[in-house]
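K.L.:
Sharing a structure below in structure tokens format, with a few things to ask.
The values are calculated or read from the model by the stated rules, or taken from the named source; none is laboratory data. The shown structure was predicted, so the numbers you read here are calculated from the model rather than taken from an experiment. So basically every Cβ, Gly included, is an ideal-geometry build from the backbone, and we count neighbours across all protein chains shown.
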Amino acid sequence: MTLRTVANPMKMIRPFSNLLIPTLLLLMCRTASAQHKSEIPVLAGEHWWGAYTTAGAAMPFAAADRSYRLGADNLENQSAPFLVSSLGRYIWSEAPFTFRFDGRKFVIDSPVGDIRAVKAGKTLREAVILGKNARFRSNGQTPPELFFSRPQYNTWIELQYDQTQEAIERYADDILANGFPAGVLMVDDNWQRYYGNFDFKAERFPDPKGMIDRLHAKGFKVMLWISPFVSPDSPEFRELQAKGYLIRAKGTDKAAIIPWWNGYSACYDLTNPAAFAHLQSRLERMQREYGVDGFKFDAGDTRFYDSATQDYHDPDARAVDHLQRWGELGSRFPYNEFRAAWGLQGLPLVQRLADKNHSWEALRRLVPEMVNAGLMGYPYTCPDMVGGGQVADFSAEAQERLDQDLIVRSAQLQAMMPMMQFSVAPWRVLDAEHLGYCRAAAELHEKLASYLLETAAQAAKTGEPMVRSMEYMYPNKGFWDCRDQYMLGAKYLVAPMVTDEGKRTVRLPRGTWVDDEGKRFKGPLVMEISVPLGRIPYYELKR
């Protein structure tokens, strides 16, 4: 028997709320066959955000010669049928729709009837809060405190598919030895025997429970990478197919074999409550037997699911329904992380931005994407991995092209975000000076812990984002196109360095502001500041 563990080992780059759906509307969504076209004209001076986290860098929406297909593609990240405007309007649907924007109007094709813009208030903030409260309220809970108070560490860049007990424990020891605090440790892909199996590879993990116990003793929480896929020709595959727990090839009773970045696999049919419960029970067994704290729920992207070629237990299920069930499964485990999501904005799910490459252009995308995630209703978000999440950028061959300043600036930006995550080991790729700056960024993040937890609790209570656009906090003051600074809650204006120039322009709104060096400023004010490598520019609002 041949059991597949990984796909082509030369492949070193991976991709990047409870929705209370009324029964009648749900039936309408799923039985309607005709598409309904709606046009929503843009008002004078109006700007729009939302729909896709990954499209944040292009926000607010500008004229584009393309269509966005919410039901078919999540663009490697979070998506939602929710758009919000600077003039207090929002667009919402219970079902995915296709839309395009020509600069003057939105043209929307929907399976559930005409879609209209709802007038919720007069500002972007009112559109977000009132729209969310009308459509998907929070359950009042936040992810565990450790996500906000300490860095996360993901073993992907350092270990790739070569996850072993020895290497993971060495990585954890190196974190502490280099002066970084213990936090959430995520063991990435290929710890398991094969996909669909939830046992450690015995030859690589001789004592997995002992490993996790030792990591716990050092202050780490441990999460494991998982996917909904199942290796064909495995005992689990045969069991799940016999029970009807797998997505089927169209018109057959045989499992669909789905291409994804690690090859070709079958997949749990999470629209089947019994299959959902079966997978949940396997994960809970992992927790009981090994002491695992939670899971990184990867590979839920809607592009893997197609009702035209696949059959589901729920005959009316769409790709987004399967992705939503994946999120609902993750909500059963407080320690969770997602890169792809549909809906469920009201649940305490940890969302991470899609993997970025090692470039200044990618760094500049982090702020607008984090802002857009918050406007869409996803407040508990992590801005990818420090320095980038693409393995090829940190290979031995790429070492001479590595930009140490870029890694430092990435760490500094993440220090003043809700969460920060390391994957490449800074002590491996940085000299002593740059490593010290990264360590200082992690220390600043720790110092902000109580404020971050307070802001997260407010997000759970009110629905407000943790990372807020300047337009959101200071409406109609000319900040709609400000993409390189943001508000962390209501107290801190953060102006990170996202270029290699060592200086930048800062736009302060009305009020009294004290910067990271203790200098006081009176806004409104536009100024150019010098930002040496060790500085993280931020401004605290005093009154």
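K.L.:
Cβ contacts < 6 Å: first residue within 18 Å of G263 (Cβ to Cβ), restricted to the range 286-307; second residue of a type in the set (S, T, Y) and assigned to a loop (DSSP other than H, G, I, E, B), any location; separation 6+ or different chain. Result?
P.N.:
Pairs found: D298/S227; A299/S227.
K.L.:
A follow-up question, please. What number goes with the only condition from (1) at pLDDT 95 or above; (2) more than 29 Å from G131 (Cα to Cα) that A396 does not pass?
P.N.:
(1)
K.L.:
Taking strands (runs of 3 or more DSSP E) that do not extend beyond the range 440-543, which have at least 2 residues that are over 22 Å from C382 (Cβ atoms) and among the hydrophobic types (A, V, I, L, M, F, W, C)?
P.N.:
By residue number, 503-515, 520-530.
K.L.:
Another one. Kindly establish whether A120 is in contact with a strand residue (DSSP E or B) (Cβ under 9 Å, 6 or more places away or on another chain) and more than 30 Å from L279 (Cα to Cα).
P.N.:
yes
K.L.:
Could you say which residue among Y194, Y161 is within 30 Å of Y245 (Cα to Cα), aromatic (F, W, Y) and touching a Leu at 6+ places or on another chain (Cβ under 7 Å)?
P.N.:
Y194
K.L.:
Please state which of the following conditions A256 fails to meet, knowing it meets all the rest: (1) more than 24 Å from W191 (Cβ to Cβ); (2) within 25 Å of the chain's Cα centre (by Cα); (3) crowded, with 21+ Cβ neighbours inside 10 Å; (4) not acidic (D, E).
P.N.:
With (1) more than 24 Å from W191 (Cβ to Cβ); (2) within 25 Å of the chain's Cα centre (by Cα); (3) crowded, with 21+ Cβ neighbours inside 10 Å; (4) not acidic (D, E) applied to A256, the lone miss is (2).
K.L.:
Output the residues belonging to the range 399-419 that are modelled with pLDDT under 95 and of a type in the set (S, T, N, Q).
P.N.:
Q399
K.L.:
From the list R428, R468, R401, R439, which one is among the charged types (D, E, K, R) and buried (at least 20 other Cβ atoms within 10 Å of the Cβ)?
P.N.:
On the way: R428 fails: buried (at least 20 other Cβ atoms within 10 Å of the Cβ); R401 fails: buried (at least 20 other Cβ atoms within 10 Å of the Cβ); R439 fails: buried (at least 20 other Cβ atoms within 10 Å of the Cβ).
So the residue among R428, R468, R401, R439 that is among the charged types (D, E, K, R) and buried (at least 20 other Cβ atoms within 10 Å of the Cβ) is R468.
K.L.:
Here are S307, S265: which of them is buried (at least 23 other Cβ atoms within 10 Å of the Cβ) and at negative phi?
P.N.:
S265 is the lone residue from the list that is buried (at least 23 other Cβ atoms within 10 Å of the Cβ) and at negative phi.
K.L.:
Kindly indicate the residue of the range 134-155 that is closer than 19 Å to P208 by Cβ and out of contact with any Gly (no Cβ under 7 Å at 6 or more places or on another chain) and also surrounded by the most Cβ atoms within 10 Å (Cβ to Cβ) among those meeting that condition.
P.N.:
Restricting to residues being closer than 19 Å to P208 by Cβ and out of contact with any Gly (no Cβ under 7 Å at 6 or more places or on another chain), the top hit is N154.
K.L.:
For the range 346-359, does any single residue satisfy the condition of being at pLDDT below 95, surrounded by fewer than 24 Cβ atoms within 10 Å (Cβ to Cβ) and assigned to a loop (DSSP other than H, G, I, E, B)? Even if it seems obvious, please write down each step before you answer.
P.N.:
So the first thing to find is which residues in the range 346-359 are at pLDDT below 95, and the list is 346.
This time we only want the ones that are surrounded by fewer than 24 Cβ atoms within 10 Å (Cβ to Cβ), so: 346.
Those still in the list that are assigned to a loop (DSSP other than H, G, I, E, B) too: 346.
Looking for residues that are at pLDDT below 95, surrounded by fewer than 24 Cβ atoms within 10 Å (Cβ to Cβ) and assigned to a loop (DSSP other than H, G, I, E, B), one finds at least one in the range 346-359, hence yes.
K.L.:
Contact list please: Cβ distance under 6 Å, first residue in the range 424-448 and more than 18 Å from L402 (Cβ to Cβ), second residue of a type in the set (F, W, Y), pairs at least six apart or on different chains.
P.N.:
Sorted first by the residue in the range 424-448, then by its partner, the pairs are A442/F180.
K.L.:
State the number of residues belonging to the range 314-345 that are closer than 15 Å to T381 by Cβ, in a loop (DSSP other than H, G, I, E, B) and touching a Lys or Arg at 6+ places or on another chain (Cβ under 8 Å).
P.N.:
Residues flagged as closer than 15 Å to T381 by Cβ, in a loop (DSSP other than H, G, I, E, B) and touching a Lys or Arg at 6+ places or on another chain (Cβ under 8 Å) within the range 314-345 amount to 2.
K.L.:
Identify the single condition in (1) at pLDDT 95 or above; (2) closer than 24 Å to M59 by Cβ that G463 does not satisfy, given that it satisfies every other one.
P.N.:
(1)
Every residue, every condition in (1) surrounded by 20 or more Cβ atoms within 10 Å (Cβ to Cβ); (2) of a type in the set (A, V, I, L, M, F, W, C); (3) modelled with pLDDT under 95, yes or no:
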| position | (1), (2), (3) |
| --- | --- |
| E446 | no, no, no |
| Y451 | no, no, no |
| Q485 | yes, no, no |
| V514 | no, yes, no |
| F521 | no, yes, no |
| P524 | no, no, no |
| M527 | no, yes, no |
| R535 | no, no, no |
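K.L.:
Could you please tell me which pairs satisfy a Cβ distance under 8 Å, a separation of 6+ or placement on different chains, a first residue in the range 193-214 that is of a type in the set (A, V, I, L, M), and a second residue that is surrounded by 14 or more Cβ atoms within 10 Å (Cβ to Cβ)?
P.N.:
M211/Q165; M211/I168; M211/E169; M211/F205; I212/V222; I212/Y290; I212/G291; I212/V292
K.L.:
When you check G374 against the structure, is it buried (at least 24 other Cβ atoms within 10 Å of the Cβ), assigned to a loop (DSSP other than H, G, I, E, B) and modelled with pLDDT of 95 or more, yes or no?
P.N.:
no
K.L.:
Next question, about the same structure. Test A242 against the stated conditions and say whether it is among the hydrophobic types (A, V, I, L, M, F, W, C) and out of contact with any helix residue (DSSP H, G or I) (no Cβ under 9 Å at 6 or more places or on another chain).
P.N.:
Working: among the hydrophobic types (A, V, I, L, M, F, W, C): yes; out of contact with any helix residue (DSSP H, G or I) (no Cβ under 9 Å at 6 or more places or on another chain): yes.
Answer is yes for this residue.
K.L.:
Looking at (1) modelled with pLDDT under 95; (2) aliphatic (A, V, I, L, M); (3) in a helix (DSSP H, G or I), which is the only condition A274 fails?
P.N.:
It fails just one condition, (1).
K.L.:
Further question: Could you please find all residues in the range 111-135 being more than 13 Å from G463 (Cβ to Cβ) and modelled with pLDDT under 95? Step through it out loud before you land on a result.
P.N.:
Initially, the range 111-135 is screened for residues more than 13 Å from G463 (Cβ to Cβ), giving 111-119, 121-124.
Answer for the range 111-135, where residues must be more than 13 Å from G463 (Cβ to Cβ) and modelled with pLDDT under 95: P111, V112, G113, D114.
K.L.:
May I pose another question? Kindly indicate whether V107 is in a strand (DSSP E or B), surrounded by fewer than 16 Cβ atoms within 10 Å (Cβ to Cβ) and modelled with pLDDT of 95 or more.
P.N.:
Details: in a strand (DSSP E or B): yes; surrounded by fewer than 16 Cβ atoms within 10 Å (Cβ to Cβ): yes; modelled with pLDDT of 95 or more: yes.
The answer is yes for V107.
K.L.:
Right, here's the next one. Here are some residues: A340, A275. Which one is of a type in the set (A, V, I, L, M, F, W, C), crowded, with 18+ Cβ neighbours inside 10 Å and over 30 Å from N372 (Cβ atoms)? Walk me through how you get there before you give the answer.
P.N.:
Values: A340 fails: over 30 Å from N372 (Cβ atoms).
A275 is the lone residue from the list that is of a type in the set (A, V, I, L, M, F, W, C), crowded, with 18+ Cβ neighbours inside 10 Å and over 30 Å from N372 (Cβ atoms).
K.L.:
Need pairs with beta-carbon distance below 6 Å; first residue of a type in the set (D, E, K, R) and within the range 109-138, second not in a loop (DSSP other than H, G, I, E, B); sequence gap 6+ or separate chains.
P.N.:
Pairs found: D109/K37; D109/T98; D114/H36; D114/S38; K119/R89; R125/Y472; R135/W92.
K.L.:
Within the range 85-104, how many residues are surrounded by fewer than 20 Cβ atoms within 10 Å (Cβ to Cβ), outside any strand (DSSP E or B) and either small (G, A, S) or in contact with a strand residue (DSSP E or B) (Cβ under 6 Å, 6 or more places away or on another chain) (or both)?
P.N.:
1
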